[in-house]
Amino acid sequence: MEKWKECKLKDIIEFNPKESIPKGSAAKKIEMTQLTPFCRDVIGYTKEVFYSGTKFRNGDTIMARITPCLENGKTAKISLLNDNEIGFGSTEYIVLRAKKGIADADYIYYLATSSDVREGAIKSMVGSSGRQRVQLDVVKNLEISCPSYTEQQKLTKLLRLLDDKIELNRQINTNLEQQAQAIFKSWFIDFEPFGGTMPDDWEKACLLDIADYVNGLAMQKYRPLNNEQGIPVMKIKELRQGFCDNSSELCSNNVNPAYLIHNGDVIFSWSGSLLIDFWCGGLCGLNQHLFKVSSNKYVKWFYYCWTKFHLHHFITEAADKATTLGHIKRENLAKAEVVIPTKQVYLTVGNLLSHVYDFIITTRIENTALSALRDTLLPKLMSGEIDVSKIELD
């Protein structure tokens, strides 16, 4: 194994490199909301007129410099631009570009997500509570042990393969979700198979008629007892990022089973950040401000699709509330209309959508496992604990 050299980040990284986008011209913009926590790839962009913002190219790493975005894992590697295209985004990004011939772009991304750099950046933050920002000069001067360019490529290859598979699974699931929603809308909203009119033998109901919405508990009251190991608590942050990390609160595993969450359960965040999703992050306890959605009568595709259909309306209702943490009440669920088809139609459509969502859940559980493996390997590779000198590059 080659001897690694001690250096500062500024020796291998070009910070906030100068780029130019003519003011008033259209360019791809990546919002902070389009960065998925602890995920390499950006999920999308908008095309907007440029007036100001941080600029970057493919291969650059963008890292949030403001709290709590950095702590929440908002760091990504840009790959959705065309050759020589320049994109832009929030002024709250720090752009990291590998110095040519000295550092590999993938290595810089994984270095930015490693604990040494992340924790160093977080510790450097200054400013008022809730608006603290990274001190760039401190980050530039963080000292690391750096392998040669060739060895950088070897050690990041292992991590890149895992992230490539995670991204492929995500793209497949996104496509399947879009198809499933289109099928649901065709049958139950637009009634396309019936000439655009709801059949006379179908019934009208509301969300509370087709599912139970169980609100979580104030889990701080259910701490692990004595030497009990405990289980993670799912809060809105955990639901948004799709897993519970080491900073997650723990609760007793003796909590009422009604408030325990398992892979595949449908969770609806009804306060502050409104979203609905399948939980695929393992056993955990359900915190307040989250609904566990289930039914003894209908399969999960049915109440998941109907709740998701009304989500846009719920978001609008919450935004109209005076409080900054607008939320949905049971009366909103009671007013959310659904239609219940005949058993034959329910089974026909359900036979297709159940398989689709079962596949999505299985694939997302796989991604959770792949992410855990990547996060286990990352510090070992970046510190040189794992010897990659004998790995052959393709």
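The figures follow:
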| item | result |
| --- | --- |
| Enumerated strands (runs of 3 or more DSSP E) restricted to segment 271-357, each holding at least 2 residues that are farther than 19 Å from P193 by Cβ | 275-278, 284-286, 290-294 |
| Failed condition for N246, given (1) exposed (fewer than 13 other Cβ atoms within 10 Å of the Cβ); (2) under 17 Å from the mean Cα position of the chain (by Cα); (3) modelled with pLDDT of 95 or more | (3) |
| Residue list for segment 157-183, restricted to those being under 25 Å from K300 (Cα atoms) and in contact with a Leu (Cβ under 7 Å, 6 or more places away or on another chain) | I166, A180, I183 |
| Residue within segment 251-265 that is part of a strand (DSSP E or B) and out of contact with any Leu (no Cβ under 9 Å at 6 or more places or on another chain) present | no |
| Residues being surrounded by 18 or more Cβ atoms within 10 Å (Cβ to Cβ) and among the small types (G, A, S) - total across segment 351-383 | 1 |
| Condition met for A26 (crowded, with 17+ Cβ neighbours inside 10 Å and either among the basic types (K, R) or in contact with a strand residue (DSSP E or B) (Cβ under 9 Å, 6 or more places away or on another chain) (or both)) | no |
| Matching residues in segment 287-298 - criterion: being at pLDDT below 95 and of a type in the set (A, V, I, L, M) | L290 |
| Matching strands (runs of 3 or more DSSP E) fully within segment 78-184 where at least 1 residues are more than 23 Å from the chain's Cα centre (by Cα) and touching a residue at least 24 places away in the same chain (Cβ under 8 Å) | 93-98, 143-146 |
| Close pairs from segment 221-232: first hydroxyl-bearing (S, T, Y), partner surrounded by 10 or more Cβ atoms within 10 Å (Cβ to Cβ) and part of a strand (DSSP E or B), Cβ under 8 Å, at least 6 apart | Y222/C251; Y222/G285 |
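Each row is one residue, and each column tells you yes or no for (1) within 23 Å of D245 (Cβ to Cβ); (2) of a type in the set (F, W, Y); (3) crowded, with 18+ Cβ neighbours inside 10 Å.
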residue	(1), (2), (3)
K5	no, no, no
I12	no, no, yes
E19	no, no, no
C39	yes, no, yes
S52	no, no, no
G101	no, no, no
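Listed here are the residues, each with its yes/no results for (1) at pLDDT 95 or above; (2) in the same structural domain as V299 (by TED's automatic domain parsing); (3) more than 21 Å from E167 (Cβ to Cβ).
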| site | (1), (2), (3) |
| --- | --- |
| V345 | yes, no, yes |
| V349 | yes, no, yes |
| L352 | yes, no, yes |
| D358 | yes, no, yes |
| T362 | yes, no, no |
| L370 | yes, no, no |
| K380 | no, no, yes |
| G384 | no, no, yes |
| S389 | no, no, yes |
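The values are calculated or read from the model by the stated rules, or taken from the named source; none is laboratory data. Nothing here was measured: the structure is a model prediction, and the numbers come from that model. All Cβ positions, glycine included, derive from the backbone under ideal geometry; neighbour counts span all protein chains shown.
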